[in-house]
1. Can you tell me which of R54, R135, R121, R93 is in contact with a Lys or Arg (Cβ under 8 Å, 6 or more places away or on another chain) and charged (D, E, K, R)?
2. Checking W34 against (1) in contact with a Phe, Trp or Tyr (Cβ under 7 Å, 6 or more places away or on another chain); (2) among the aromatic types (F, W, Y); (3) closer than 29 Å to P185 by Cβ, which single condition isn't satisfied?
3. Do you know which residues across the stretch 152-166 are surrounded by 13 or more Cβ atoms within 10 Å (Cβ to Cβ) and either of a type in the set (D, E) or farther than 22 Å from W20 by Cα (or both)?
4. Let me confirm something: among K42, K67, K80, which residue is of a type in the set (K, R), open to solvent by 40 Å² or more (accessible area, probe 1.4 Å), without any contact (Cβ under 8 Å) to a residue 60 or more places away in the chain and more than 26 Å from L196 (Cα to Cα)?
5. Looking only at the stretch 167-202, count every residue that is assigned to a helix (DSSP H, G or I) and buried (at least 17 other Cβ atoms within 10 Å of the Cβ) and tell me the total.
6. Find the residue count for the stretch 93-111, including only residues that are open to solvent by 50 Å² or more (accessible area, probe 1.4 Å) and touching a strand residue (DSSP E or B) at 6+ places or on another chain (Cβ under 7 Å).
7. Within the stretch 112-151, can you find the residues that are part of a helix (DSSP H, G or I), free of Cβ contacts under 8 Å to residues at least 60 places away in the same chain and either open to solvent by less than 30 Å² (accessible area, probe 1.4 Å) or closer than 17 Å to M1 by Cα (or both)?
Amino acid sequence: MRRADLFIFYDDIQYDKHGWRNRNQIKTAQGKQWLTIPVHSKGATSGMPIRDVRIDWTKPWPATHLKSLVVAYNKAPFFKEYLPLLESFYNRRYEFLADFTIETSIALAQHLGMTSTCFKRSSELQGIEGKKTDRVLNILKQVGATYYISGPSASSYMEPEKFEQAGIPFEYMQYNYPVYPQLYPPYDPFVSILDLLFNVGRDAVQYFES
C-alpha cells in the first residue's frame, strides 16, 4: 500500500474459506491466537465472490475480539492510545465482510500516514473479463497502470510474458520484516499489524522498507 499510487482490493474473485479473508493472528503469552470474523457459510464455499460474503452477527465476535486484544496487549506501550480506534472498528455493523475489512484496512493505512495512496475495489470497475493473468492485465489497462506490484502468492499463476507483451513491468513484493520490540519472546513477525502499532506506536512506519 505504501509503495503504490493506487491499491486495488480484489473483491470480486472467489472467496477462499480457509484463507485470511476473515481472520488474522495476534501474539499472546500462550502463543499465537486466531481472531476470526464468523461468516454465513451458505454460498461461501461454492464460488461466491468475496464482496458477497455476509458477516454472521448471531455470534458476539466483536466483544470476543476486544477481550482477547485487551488480555494480550494491555501491557503494550501504546495499546491504550489505539483502544478508541479499535472500539470504533468493532462498533461498526457492516453486513458484508469486505466492507468491514476494506474500510478498516484503509483506516489503518491512513493512520500510518499513507495519505497519498488511492484505493479502489475491483468490483467498481466495469467490463473486466478474463481469468488469472489476463484479468489482472485488463484491470491494469483500465486504470492506466504503468507498473504493477503483485503479492508473492500470485507467482503460482502469473504469466510474466504477458506483462512484457503489454508493456507493464511488474515485481513480486518481498516481505522482509525487521525486528521490533515485541511482547512475549521469541520474536514472531507473522501477526497482525496491530501488534506493531501497540508496541511501537507512530514509529511503526520506521519498520517498513523504503
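1. The match here is R121.
2. Tallying (1) in contact with a Phe, Trp or Tyr (Cβ under 7 Å, 6 or more places away or on another chain); (2) among the aromatic types (F, W, Y); (3) closer than 29 Å to P185 by Cβ, W34 fails exactly one: (1).
3. E159, K162, F163, A166
4. When all the criteria are applied, what remains is K42.
5. Within the stretch 167-202, residues that are assigned to a helix (DSSP H, G or I) and buried (at least 17 other Cβ atoms within 10 Å of the Cβ) number 7.
6. Number satisfying all stated conditions: 2.
7. Passing the criteria: T133, V136, L137, L140.
The values are calculated or read from the model by the stated rules, or taken from the named source; none is laboratory data. Just so it is clear, the model here is predicted, and its values are computed rather than measured. Quick reminder, even Gly has a Cβ in these numbers, built from the backbone with ideal geometry, and neighbours come from all protein chains shown. Only protein heavy atoms, including side chains, enter the accessible area calculation; ligands, DNA and RNA are left aside. Shrake-Rupley method; radii C 1.70, N 1.55, O 1.52, S 1.80 Å.
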